[in-house]
Amino acid sequence: MDQKLSTRVQLFISGRNLKDLDVWSKSDPICIVSMHDSNNSSPIEVGRTELIQNNLNPNWTTSIPLDYYFEVQQHLTFTIYDSDGSSYEHIGSFETTLGYLVGKGTAVEDLHGKHKHHHRNEKPTGKIIIRAEEVKFSRDVVFFQFCAHHVDKMDTFGKSDPYLHIYRMRDDGQWIKVYSTEVIKKTLDPIWKPFEISSEKLCAGDENKPLRIECWDWDSNSSDDLIGQCNTTLADLLQPHFQIDIINPKKQAKKKYKNSGVLEVLQVAKKKVYSFIDYLRGGTQFTMMVAIDFTGSNGDYTMPNSLHYLSNTNQNEYERAIWAVGSILDNYDMSKMYPVFGFGGKPEWIGHVDHCFPLNGNPQNPFILSVQGIVQAYHQALPRVQLSGPTLFQHVIRNAMNIAQMTPPGQFYHVLLLMTDGEIHDMDITLSLVVQASALPLSIIIVGLGNEDFRNMEILDSDTGLLRDREGRQASRDIVQFVPFRKYGGNPHLLAQEVLAEIPKQITDYMQRIGHVPILPEEMPLEMMMPISSTPPPPPPPEGSAPSIEES
């Protein structure tokens, strides 16, 4: 997992109206956070807050830092104890996933007793407030174009071949190279190509951190020669029309030496790059669309060798894929309503083969509540859909594109989960549609089921470069991820990790492409949430009276 791309987050925790376990004073609460993986291994403590004495409404200051992986179900348990430092008495617990907390931003949840599966009527032992915040690094990107004037002639029989090295100073005073330009041949007035570099890489996000720019002369037959260097900062380089002398240390002591050229910033611009979590905080919502293959090659659902076979003991590959991908995307879809379609089958309510039919039989409202509801609708549809063919993707992808086109820019991002067992029969049209769809807020996850030939799916995935259709048109970004289910031995958790790992980048690529700037909300301090009265609680109402607001 440590090789995957992660985002560092911090969890800030507060408690409210905690159950008082002390007789003569209030409880002394501490919160311990544990994580366990999808294989139900023993939980591992990942952090704990400080202990706060005599307080039933604690605002802990110790945050819990964690690496957040979008594509992994990271199960967490928050347990609050009353502690004297050596013994711990259970007040209440809350179980969730890190993805849920990141999706919510700030979660206010009930605490319950020791029993893992609490009774519906069991009274909560208090509330826990958890805020997930991204650990902020500088994500600014700086756009540069440098040129130089009258650099020293270093070659005996020709002009110089200059290029630049850019260094920043580390905290220990050492210089570390962060960028090199291309070589410009045979010139004393080079103009280098524009380039972008992150502020974090260039100067660790500090505009006043010392930078050194060296100008070198490339030589094909011997070692390169230093033309000169200059020390500066990003703050200087951002100034309009900034120029600075290039100085050669060996020539500096000579009389009448002025410089070995002048470095000029031709163009410079600094822009902010937003993260996946920034877009979540700014209100971007996820929607998942599901498409299920009902072509004849799957086999009749009543036969044990069918990919659609329904068993009382084991889930088939379609069910496992729906649960694996859906349970993670479900964390980010506030509505929990998913449009679900079948293709390549003959539904009895339509009477002919259809390549994009609503699984619930309602073309006006194809939405199904919850991932569990998708699986149930799939079970109910199987006896009512005659398997047929061929395997055509175009109708499902067009439908997903229509849905994506109808949503306001920046407010929604759509993920199409397309599950299929075989070869595509409309490859050229599908290629063209995927290229067009790359301009929309849409990603396509294709899960290949069974042991068929999936070479065309791998073409759509196009890991070697941006996809091109048969007419030579190129996709504006990568939006397709294909994974054969059996590559992971049928392990749905590994499948989800593989197919979802690229989604955050695909979202940020799209948002940057359309120039969407998230409007980040002002977060209320946790200590101001659910304000607690300093006065003692009122006595309980007489029997038969209406409950107070606090009790209801």
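Read-outs: derived from the displayed coordinates by stated rules, not from any lab. Since the model is a prediction, treat every value here as computed from it, not as a measurement. Using ideal geometry, Cβ is built from the backbone for each residue, glycine included, and neighbour counts are taken over all protein chains shown.
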Helix-only [θ]222 nm of the chain, DSSP H runs n ≥ 4, -39500 (n - 2.57) each, per residue, nearest 500 = -5000 deg cm²/dmol
Considering amide H positions built from the backbone, and no H for Pro or chain starts, which residues 5 or more places from residue 146, or on another chain, come under 5 Å of its amide H?
-> 192, 266
Please list, in chain and number order, the residues 5+ apart from residue 480 or on another chain whose amide H is under 5 Å from its amide H, with Hs placed from the backbone.
-> 444
In nm, spacing of pseudo-spin labels at residue 6 and residue 133 (7 Å Cα→C-beta vector) = 2.0
Once the Cα atoms of helix 394-405 and of the chain are each reduced to a long axis, what angle between those two axes, in degrees from 0 to 90 to the nearest 10, is obtained?
-> 80
Got a sec to turn the phi values of segment 315-328 into Karplus ³J(HN,Hα) couplings, 6.51 cos²θ - 1.76 cosθ + 1.60 with θ = phi - 60°, whole Hz, x for Gly and Pro?
-> 7, 7, 5, 5, 4, 5, 5, 4, 5, 5, 7, x, 5, 7
Based on the alpha carbon coordinates of the chain, what radius of gyration and maximum Cα-Cα distance (Dmax) apply, in Å?
-> 30.2, 105
At R0 = 56 Å the Cβ-Cβ FRET efficiency linking residue 156 and residue 197, nearest 0.05, sits at 0.95
Simple SL model, points at 7 angstrom along Cα→Cβ for residue 270 and residue 220; separation in nm is 4.1
All other residues with a Cβ under 12 Å from the Cβ of residue 185 taken together, and with Lys, Arg as +1 and Asp, Glu as -1, what is their net charge?
-> -3
Backbone HN-Hα couplings from phi across segment 249-264 [Karplus 6.51/-1.76/1.60, Hz, Gly and Pro as x] | x, 6, 9, 4, 7, 5, 5, 6, 6, 9, 6, 10, x, 10, 8, 10
Across segment 285-298, in residue order, what do the Karplus-derived ³J(HN,Hα) couplings come to in whole Hz, using 6.51 cos²θ - 1.76 cosθ + 1.60 with θ = phi - 60° and x for Gly and Pro?
-> 10, 8, 9, 10, 10, 10, 10, 10, 7, 10, 7, x, 5, 5
Stretch residue 235-residue 501 to full length: gain in nm at 0.36 nm per residue minus the Cα-Cα span?
-> 92.2 nm
Express in whole angstrom the spacing between the alpha-carbon centres of segment 88-104 and segment 329-364.
-> 34
Mind giving me the nanometre distance, one decimal, between the label points for residue 36 and residue 386, set 7 Å out from Cα along Cα→Cβ?
-> 4.9
By counting other Cβ atoms within 10 Å of each Cβ, how are 224, 161 ranked from fewest to most?
-> 224, 161
Computed lengthening from residue 300 to residue 459, 0.36 nm per intervening residue step minus Cα-Cα distance | 54.3 nm
Footprinting exposure proxy for 464, 7, 62, 295 (fewest neighbouring C-beta atoms within 10 Å first) | 464, 62, 7, 295
Would you order 192, 175, 60, 24 from fewest to most other beta-carbon atoms within 10 Å of each residue's own beta-carbon?
-> 24, 175, 192, 60
Segment 284-514: relative contact order in percent, alpha carbon pairs under 8 Å with at least 6 residues between = 21
